[in-house]
Amino acid sequence: MTVRQVELFRAQAQACARLGSPMSADLLTRAADDLASGGVVADVLAGHEAGPGPSALALRLLGSVHRLVLGRRAGGLATYYPSVGGTWACAGDSGDGWAAFRTLLGERPDAVREWLERPPQTNEVGRAAALMGGLCSIDPALRAPVRLFEIGSSGGLNLLVDRFDYSAQTGAWRGRPLTPWPDLRIVERRGSDVLPVDPTTTQGRLTLTAYVWPDQRERLERLRAALAIAQEVPVDVRSQDAASFVETVEVSPGALTVLWHSVMWQYLAPPEQEAVRGRISAIGAKATLDAPFAHLFLEPTRRSPQSEHEFLVVLQTWPTGARWVLGTSVAHGIPTTWE
């Protein structure tokens with residue numbers, strides 16, 4: 001394993017710590033040490049030495065192991081996973097959780113490797129808070145029945161945005177009060193993903209749960225609630241890359257067409273990003289007051305070329321083409337602060 005991959009594991013560990021998962025931070029810190037010493041983690045990840053930062057190999061490893069735990073295929077490791085009722089022993093404690101993790105990798109390396117080729121499929125429904133707030137920020141003059149399109153949809157849970165709770169008790173929104181959209185009606189929900197997940201199946205639910213960090217109970221609860229809604233409200237998520245999917249999006253008279261995405265842009269290669277941008281501009285050029293178009297996203301974005309990346313909620317609407325930074329959020333969407 002390369003020095004670069006060790007550094008990426010350490011950086012991801014620090015990110016997990018910042019985002020409230022001490023268990024994931026501890027695991028990845030220990031995994032980085034094991035990588036550096038050529039241990040069992042290095043053996044399992046052999047062949048992935050050249051993976052770029054956006055491949056998120058550290059998260060692929062965590063997700064693969066978590067799915068074995070959830071599927072009762074990880075032996076004694078389940079004792080340490082809060083997502084199945086266990087308790088993690090963090091650095092400075094007994095460390096038995098790490099020992100069980102290493103044992104699993106040593107005993108079942110092929111099972112762990114099965115998911116290392118998969119991109120993480122978090123489908124974080126907390127990001128719906130940012131996306132719903134973006135919808136509520138659209139000029140009332142453009143409001144109409146909504147045709148909702150999403151790229152990087154995973155299981156399509158955020159296409160169910162109007163079915164979630166954004167009351168004050170959830171802590172979803174801060175800052176500027178939003179203009180309500182009491183008669184919001186979504187008449188079409190369509191998404192795409194290069195590896196879509198069906199949230200109505202046992203395997204789909206396992207996949208989406210596996211990529212949530214095991215010690216983050218609130219995220220797990222939000223996901224489980226969204227999975228229950230998905231059983232009742234079908235969405236159309238197609239196996240399609242982003243560039244080809246947006247080619248199918250057109251404005252429609254009497255409806256507001258919305259294209260959105262959240263924390264997926266970095267997984268697109270630059271040529272595909274450019275193709276999507278070009279198509280968005282082309283759709284916008286066809287928009288009218290009777291057939292408006294909106295592009296809404298939550299992504300790590302710079303306010304200026306000199307700025308640091310922030311998780312910004314950005315909205316652009318046509319026919320005017322006006323663009324606004326609406327607010328700032330966090331990686332998992334809650335809280336979002338409106339400016």
Relative contact order computed over the chain (Cα-Cα under 8 Å; 6+ residues apart), in percent = 18
Mind checking the dipole of the chain: about its Cα centre, +1 per Lys or Arg Cβ, -1 per Asp or Glu Cβ, Debye to the nearest 20?
-> 360
Tell me, what is the percent relative contact order of region 199-339, built from C-alpha pairs under 8 Å that lie six or more residues apart?
-> 16
Considering only 169, 12, 216, give the residue with the highest GNM mean-square fluctuation for the chain, with springs between Cα atoms whenever their separation is below 10 Å.
-> 169
What per residue convex hull volume, in Å³, comes out for the chain when only alpha-carbon positions are used?
-> 140
Taking the highest mean first, how do the peptides 257-267, 278-288 order by number of other beta carbon atoms within 10 angstrom per residue?
-> 257-267, 278-288
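Per residue of the chain, what 222 nm ellipticity follows from adding -39500 (n - 2.57) for every DSSP H run with n ≥ 4, rounded to the nearest 500? Can you show the working numbers first?
Details: 11 runs with 121 residues, N = 339.
Mean residue ellipticity, 222 nm, calculated: -11000 deg cm²/dmol.
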Normalised contact order of region 164-252, rounded percent, pairs of Cα under 8 Å and 6 or more residues apart | 38
Specify the inter-centroid distance of region 285-339 and region 142-182, based on alpha-carbon positions, in whole Å.
-> 14
Hydrodynamic radius of region 108-245 per Kirkwood, over alpha carbon pairs, in Å = 16.2
Computed over the chain, protein heavy atoms only, probe 1.4 angstrom, the accessible area per residue in square angstrom equals 43
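Using the Kirkwood radius over C-alpha pairs as Rh, can you work out the diffusion coefficient of region 189-229 via Stokes-Einstein at 37 °C, viscosity 0.692 mPa s, in µm² per second? It would help to have the intermediate numbers written out before the result.
Numbers: Rh = 11.1 Å.
Rounded, D is 297 µm²/s.
Percent of accessible area on region 254-339 owned by carbon and sulfur, 1.4 Å probe? Numbers along the way, then the final one.
Working: 2120 of 3710 Å².
On region 254-339, the fraction of accessible area on carbon and sulfur atoms equals 57 percent.
The values are calculated or read from the model by the stated rules, or taken from the named source; none is laboratory data. Everything quoted here is computed from the prediction, not taken from an experiment. So basically every Cβ, Gly included, is an ideal-geometry build from the backbone, and we count neighbours across all protein chains shown. Remember, those area values only see protein heavy atoms, side chains included, never the ligands or the DNA or RNA. Shrake-Rupley method; radii C 1.70, N 1.55, O 1.52, S 1.80 Å.
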